[in-house]
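**Student:** Pasting a structure here, questions to come.
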Amino acid sequence: MSTSNQRIDPILLLMIRLGRMVTSSMYNKLNKEDQHLMGPHMGVLSDLYQKDGVRQQDLAISSFKDKATITRSLKLLEREALVLRVADPIDKRTKRIYITPKGRKVYQTILPLGQEVIAEAKTGITDSELEACAAVLQKMYNNLSK
């Protein structure tokens, strides 16, 4: 099947490429021992860093990942002692996820790398251009969040 007649929306293409480039740049800046933490793992740590003790299913929703992906990520993060899964005191079938002190330290080490990559990406872009871009991206996010 030929897709030569189908034109890819440039915004879609740029968003995909930018996401990959940010991930790749962060990966290259990480220490070799932390490189296995990329991908869904950083999203989970970020969510827990901002709001600790959330239910496992809420992590899946906030990170737009399916339950199986979140479970695999949590197993790795738990094995690395970065998160802790605890039975909910009210509903024992539900697990609450907590970031450990080690997890906080890892996140605090990696966060500046992400900020460095984004600062590099914003080089040569005016504040007003960035504000307009952020406003448009927020609207797009809101449209899909409905």
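The values are calculated or read from the model by the stated rules, or taken from the named source; none is laboratory data. Quick caveat: nothing in here was measured; it's all calculated off a predicted structure. We place every Cβ from the backbone using ideal geometry, glycine too, and count neighbours over all the protein chains shown.
**Student:** Out of segment 105-137, which residues are within 16 Å of residue 51 (Cα to Cα) and either among the hydroxyl-bearing types (Ser, Thr, Tyr) or at pLDDT 95 or above (or both)?
**Tutor:** If the condition is that a residue be within 16 Å of residue 51 (Cα to Cα) and either among the hydroxyl-bearing types (Ser, Thr, Tyr) or at pLDDT 95 or above (or both), then 107 is the only one that fits.
**Student:** Let me ask another. Quick one: which helices (runs of 4 or more DSSP H) sit completely within segment 31-146 and have at least 2 residues that are among the β-branched types (Val, Ile, Thr) and touching a residue at least 12 places away in the same chain (Cβ under 8 Å)?
**Tutor:** Values: elements: 40-50, 56-62, 67-79, 101-121, 127-145.
Qualifying helices (runs of 4 or more DSSP H): 67-79, 101-121.
**Student:** Give the residues of segment 11-30 that are in a helix (DSSP H, G or I), modelled with pLDDT under 90, surrounded by 11 or more Cβ atoms within 10 Å (Cβ to Cβ) and out of contact with any Gly (no Cβ under 6 Å at 6 or more places or on another chain), sorted by residue number.
**Tutor:** So in segment 11-30, the residues in a helix (DSSP H, G or I) come out as 11-29.
If we keep only those that are modelled with pLDDT under 90 as well, we get 19-20, 22-29.
If we keep only those that are surrounded by 11 or more Cβ atoms within 10 Å (Cβ to Cβ) too, we end up with 22-27, 29.
Matches in segment 11-30: 22, 23, 24, 25, 27, 29.
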